[in-house]
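Student: Here you go, one structure.
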Amino acid sequence: PRLDEMYNVFDFESVAKTVLKPEAWAYYSSGADDEISMRENHNAFHRIWLRPRVMVNVKQLDLSTTMLGSNVSMPLYITGTALGKLGHPEGELVLTRAAAQKKIIQMIPTLASCSFDEIVDMARPEQPQWLQLYVNSDREVTKKFVQHAEHRGIKGLFVTVDAPQLGRREKDMRVKYSDDGPEEMDGQKDINRDEGAARYISTFIDPSLNWEDLAWLKSITTMPIMLKGIQTPEDAVLAARHGCSGIVISNHGGRQLDFAPSAIELLPEIMDALRAEGLDKNFEVYIDGGIRRGSDIFKAVALGAKGVGIGRPALFAMSTYGDEGVKKLIQLLQDELVMCMRLMGAPTINHITKDMVDIRNLKDH
Ligand code: FNR
């Protein structure tokens, strides 16, 4: 199909399934175990209903907002996902260019297929970028990487905390992974590739990482430190108490612990807990997982998220239609958010408030 036949985010996934190499489809589309959390991520949005307000002047809309101090065109970013070259020969660079054009932020993954510097070099001078960090068992490697990232102007450090061991993604394991891994993995070519792309690339991640390491992380960088993969109110409060600048509520796209709840379901209770402890000021809360519609973005913002991340949709759009595909994907979500805000009577992001969503059924599975 042609790009102008893509009417929503799901359309890209359908095309990707037919055109991606089997190992790319397996790696991108898989979730852990029975993929219950992966499916729940989007399904949970279906349990939130809207409370539209009418007779509001919605002639002029403004979707712009800020994320960690950077101006962006809408409360959406492209989250960090490994191995972009499985889906497109230029890998993450496609996402960098599309993010620039649409004025949104790209989070660069530690396990990008392109080198970190290539991705930063591709960015426009004023284009904000974030870094997703897997902490290496060799702390010197991580220290160098983090300090280099800060030197290159990265605006936020997102430490992934939900992956001390990589989830078991059976689809991925069934397709034996044979491509070259990311550059970071050079010298580790002897590890077993028969376990799928995920396991092949993950052996350096430090499972000993714990709350006490935050003091060390803070000592090596002045970038805002964000924890990606928070899944309870308790840990959200701990993150704030340990001096983090914010969190991403996430179950890693359902790829880690199956039966971890969806981020959108956790968001209200996490915001309540932070508020109750007086920790909600100057603390930014993001969510990712299952964002597929403009109304999903609206619901997340209404419940307190500063912004939302998309993972697979960007990979599928990149793999199928390259730069134009990712731009179209973002445009579709933007158009849907425009429509939703207009019909909801919310002319700006600040007008999107909690009383506009009905979450009475959110806990009813
Ligand atoms: C991921 N994700 C991820 N997260 C992370 O912290 N480091 C990583 O290297 C990766 N790699 C990765 C690869 C692929 C193929 C996917 C699909 C996901 C998780 C990602 O950042 C995010 O949490 C989810 O993708 C969000 O869910 P959706 O938008 O894919 O539903």
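Student: Residue by residue through region 290-305, what is 3J(HN,Hα) from phi via Karplus (6.51 cos²θ - 1.76 cosθ + 1.60, θ = phi - 60°)? Round to whole Hz and write x for glycine and proline.
Tutor: x, 6, 10, 9, x, 5, 5, 5, 4, 4, 5, 5, 4, 8, x, 6
Student: Count charges around Val15 for me, please; just the other residues with Cβ under 11 Å from its Cβ, Lys/Arg as +1, Asp/Glu as -1.
Tutor: The answer is -1.
Student: Same structure again: Radius of gyration and Dmax for region 93-185's Cα atoms, expressed in Å?
Tutor: 14.7, 43
Student: Where in region 131-160 is the amide nitrogen less than 17 Å from a point lying 7 Å along the Cα-to-Cβ axis of Asp213?
Tutor: Label zone hits: 131-147, 157-160.
Student: May I ask you to derive the FRET efficiency for Lys17 and Asp335 from their Cβ-Cβ distance with R0 = 30 Å, giving the value to the nearest 0.05?
Tutor: It comes out at approximately 0.80.
Student: Based only on other Cβ atoms within 10 Å, what is the fewest-to-most ordering of Glu140, Glu170?
Tutor: So the residues, fewest neighbours to most, are Glu140, Glu170.
Student: Next question, about the same structure. Specify the inter-centroid distance of region 10-27 and region 111-140, based on alpha-carbon positions, in whole Å.
Tutor: 25
Student: Can you give the convex hull volume of the alpha carbon atoms of region 241-365 per residue, in Å³?
Tutor: Spelled out: Cα convex hull of region 241-365, divided by residues, is 138 Å³.
Student: Got a sec? Charge dipole of the chain, +1 on Cβ for Lys and Arg, -1 for Asp and Glu; which of Tyr286, Ser29, Thr348 is way out at the positive end?
Tutor: Farthest towards the positive end: Thr348.
Student: Based solely on C-alpha atoms, express the radius of gyration and the Dmax of the chain in angstrom.
Tutor: My reading of the Cα-based Rg and Dmax gives 19.4, 65 Å.
Student: Place a +1 charge on the Cβ of each Lys and Arg in the chain and a -1 charge on the Cβ of each Asp and Glu, then give the dipole magnitude about the Cα centre in debye, rounded to the nearest 20.
Tutor: I would put it at about 1040 debye.
Student: How large is the helix-only mean residue ellipticity at 222 nm for the chain, computed as the sum of -39500 (n - 2.57) over DSSP H runs with n ≥ 4, divided by its residue count, in deg cm²/dmol to the nearest 500?
Tutor: One gets -12000 deg cm²/dmol as the mean residue ellipticity at 222 nm.
Student: Using +1 on the beta carbon of Lys and Arg, -1 on that of Asp and Glu, and nothing else charged, what's the dipole of region 230-335 about the Cα centre, debye to 20?
Tutor: Once rounded to the nearest 20, the dipole reads 280 debye.
Student: Find the centroid of the Cα atoms in region 245-278 and in region 300-351, then give the distance between the two in whole Å.
Tutor: Rounded to whole Å, the Cα centres lie 20 Å apart.
Student: Let me ask something else. State the answer as a single residue: which of Gln334, Gly322, Ala300 lies farthest towards the positive end of the charge dipole of region 293-352, with beta carbon charges of +1 for Lys and Arg and -1 for Asp and Glu, about the Cα centre.
Tutor: Ala300
Student: Using the C-alpha gyration tensor of region 264-324, what are the square roots of 5 times its eigenvalues, in whole angstrom, with the largest one first?
Tutor: Largest first, region 264-324 gives 29, 11, 9 Å.
Student: On a 30 Å Cα-Cα criterion, which of the cross-link pairs Lys17/Lys354; Lys143/Lys328; Lys59/Lys327; Lys85/Lys327 come out too long?
Tutor: Beyond 30 Å between Cα atoms: Lys17/Lys354; Lys143/Lys328.
Student: If you line up the Cα atoms of region 7-90 on their principal axes, what length do they span on each, largest first, in Å?
Tutor: Extents along the principal axes, in whole Å: 50, 32, 27.
Student: Among Ser202, Ser319, Ser64, which comes first, then next, by fewest other beta-carbon atoms within 10 Å?
Tutor: Ser64, Ser202, Ser319
Student: Dipole magnitude of region 31-125 about its Cα centre, charges +1 at Lys/Arg Cβ and -1 at Asp/Glu Cβ only, in debye to the nearest 20?
Tutor: 720
Student: Continuing with the same structure: So, counting K/R as plus one and D/E as minus one, what does the shell of residues with Cβ under 12 Å around Leu93 add up to?
Tutor: The answer is -4.
Student: Right, here's the next one. Please tell me the relative contact order of the chain in percent, rounded to the nearest whole number, where contacts are Cα pairs under 8 Å and at least six residues apart.
Tutor: 28
No value in this document is a laboratory result; all are computed from the given coordinates. Here the structure is a predicted model, which means the values were calculated and not measured. Methodologically, a virtual Cβ is constructed for each residue, glycine included, from the backbone with ideal geometry; neighbour enumeration extends over all protein chains shown.
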